[in-house]
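The values are calculated or read from the model by the stated rules, or taken from the named source; none is laboratory data. Values in this document were obtained by computation on a predicted structure and should not be read as measured data. Methodologically, a virtual Cβ is constructed for each residue, glycine included, from the backbone with ideal geometry; neighbour enumeration extends over all protein chains shown.
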Amino acid sequence: MAPSSDTPSPAPRQLVNPGDRFHDWVALRETSRVDYHSCPYWLCRCICGREREVRRCALRGGYSKSCGCSRKIPKPILSRRFQRSKLVPARPLKKERNAWWNMNRRCSHPENPSYRNYGAKGITVCDRFRSSFEAFIEDMGPAPSLDHSLDRINPHLGYFCGKCPECREAGRVANCRWTTWDVQVNNKVNSRKIEFEGQSLTVTEWARVLGLSPMTLLGRLHKGEKPPHAFRPVSKKGRRPNLQMPLIAEYPSGLFSELCWR
């Protein structure tokens, strides 16, 4: 039996409702903005706290999964460990999460390319840092800038917090810090240290203190020179003078061509 014309038609089903979750997005409300296909935009919040307008078709089709913060972090780790920290409300802790994730990977997973330089040499991560990103960021805090990265104070030891029962039982102290790249380069296991007058610095650090080129100082050390003779300033004696060639117009007629053919 055909339905009568007096029966009201059912309300159209809403494709996206406030509170719906699409991967890392959570739909908040529909905006007045539409694209050239008349597809409306929805204001969404990512799990990192960033809000952005996303097309409805991109949400339902899976073309937009997050604001980009979870692109390099595996989904099981991200959904279980990551929460936006209250310490840095201005930006998500993407750099800190990557540092924490890479620290665990290169010390615990043999398939990681850097495992041979870390886990294979006995570099480990304590239980507190290994099990929780929140505990890691609570102890370390956010990186001071984008130029800072995770570093070990003693390059021969692992990533220790100094607070967990494992560290207390073994008598470990905190061995992690945020440093810049030039500090890390001079804090490597294979960095060559030179002791002189009670100071132990690398070749690069001594060159910076003495005002020399690192290659000049390294060349003197390879020749067998020892401090303080190797720390002498560069002598300008014996250098060829910086002669300026005269302009072409200053040569007599025909002499320039003759000089070029000699």
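Of note:
- Residue in segment 214-221 that is surrounded by fewer than 11 Cβ atoms within 10 Å (Cβ to Cβ) and assigned to a helix (DSSP H, G or I) present: yes
- Among the candidates Arg84, Arg106, the residue that is at pLDDT 90 or above and either more than 17 Å from Asp139 (Cα to Cα) or surrounded by 14 or more Cβ atoms within 10 Å (Cβ to Cβ) (or both) is uniquely Arg106.
- Neighbours by Cβ (under 6 Å, 6+ apart or cross-chain): first from segment 110-127, within 14 Å of Leu157 (Cβ to Cβ) and modelled with pLDDT of 90 or more; second charged (D, E, K, R) and surrounded by fewer than 17 Cβ atoms within 10 Å (Cβ to Cβ): Cys126/Glu166
- Residues of segment 51-81 that turn out to be of a type in the set (D, E, K, R) and at pLDDT 85 or above, as a count: 5
- Selection count, segment 48-59, where residues are touching a residue at least 24 places away in the same chain (Cβ under 8 Å) and surrounded by 15 or more Cβ atoms within 10 Å (Cβ to Cβ): 5
- Yes/no for Leu146 being assigned to a loop (DSSP other than H, G, I, E, B), loosely packed, with under 12 Cβ neighbours inside 10 Å and not basic (Lys, Arg): yes
- Inside segment 93-107, residues that are touching a strand residue (DSSP E or B) at 6+ places or on another chain (Cβ under 7 Å) and over 23 Å from Cys67 (Cβ atoms) make up a count of 3.
- One residue alone among Glu195, Glu169, Glu134, Glu138 is assigned to a helix (DSSP H, G or I), in contact with a Leu (Cβ under 9 Å, 6 or more places away or on another chain) and not basic (Lys, Arg), and that residue is Glu138.
- Selection status of Ala207, under 30 Å from Ser149 (Cβ atoms) and modelled with pLDDT of 70 or more: yes
- Selection status of Arg177, touching a strand residue (DSSP E or B) at 6+ places or on another chain (Cβ under 7 Å) and modelled with pLDDT of 80 or more: yes
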